[in-house]
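Below is one structure, written out as structure tokens; the observations come after it.
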Amino acid sequence: MIEAATLGELVASPPFSLLMIDPLSAAELAEVLTESMSAPAHRRLLMAPERDLALARRARAHGFSGILPKTDDAPLMLAAIRLVLAGGEYFPCFEEDEAQIGSAALGPADRLSKRQREVLEEMRLGRTNKEIAKTLGISIATVKLHVQAVLGAAGARNRTEAVTRLFQGAAGGQDA
């Protein structure tokens, strides 16, 4: 790991597998997004204080592979980093925008993206990550990312607890 005060210090470095950028302030952001393009890196990941759709769109437009909200749980952050290193993208705000999350009437299962609900259904059937990946035609890293999102939405520690909570909630058996 190399830490630099400015992106200019990295220009002469060999290419990095992953360049993670954590801007100090919103005022610094525009400059950082532009300057990061000169830093030698195969993939770029932008740290953000929280999920921010506008910021995610700007980062993607500048060639970033993802945005990593600091509000995400550590296991989800690690899964996102692994996904980006494997060549994928992580923009959680995009799925939330499509699902229009934020309505008070939505329960935890309703707040999952379509793909996360598909993974949840496979989890309900007792399938392993490898089996889910094969069934849905996605990578195991992506399955792990979706499983972490499902666990987070359910407030669960494991797959069984997540399935129980989310399916009880969908059936109206969960207390408010």
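Each reported figure results from applying straightforward, stated rules to the coordinates on display, with no laboratory input. Just so it is clear, the structure is predicted and the values come from calculations on it, not from any experiment. Cβ: placed from backbone, ideal geometry, glycine included. Neighbour counts: every protein chain shown.
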Zone of Lys114's modelled label, taken as backbone nitrogen in the range 132-161 under 20 Å from a point 7 Å along Cα→Cβ: 132-139, 142-147, 149-150
So what are the ³J(HN,Hα) numbers for the range 42-49, from phi and the Karplus equation (6.51, -1.76, 1.60; θ = phi - 60°), rounded to whole Hz, Gly and Pro as x? 6, 9, 10, 10, 9, 7, 9, x
Once amide H atoms are built 1.01 Å from N in the peptide plane, which residues 5 or more positions from Leu68, or in another chain, come under 5 Å H to H? Leu46, Met47, Ala48
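Highest mean first, how do 80-87, 153-160 rank when packing is the count of other Cβ atoms within 10 Å averaged over residues? Don't jump to the answer; show the numbers that get you there.
On the way: 80-87: 17.5, 153-160: 15.5.
Put in order of decreasing packing, that is 80-87, 153-160.
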For Ala41, the residues 5 or more places away or on another chain with a placed amide H closer than 5 Å to its own amide H are Phe16
Counting Lys +1, Arg +1, Asp -1, Glu -1, what net charge surrounds Glu28 among other residues with beta carbon under 12 Å of its beta carbon? -3
Pull up all non-local amide H partners of Met20: gap of 5 or more, or a different chain, and H-to-H distance under 5 Å with H placed in the peptide plane. Leu45
Please report the net charge: other residues with Cβ closer than 13 Å to the Cβ of Ser65, K and R +1, D and E -1. +3
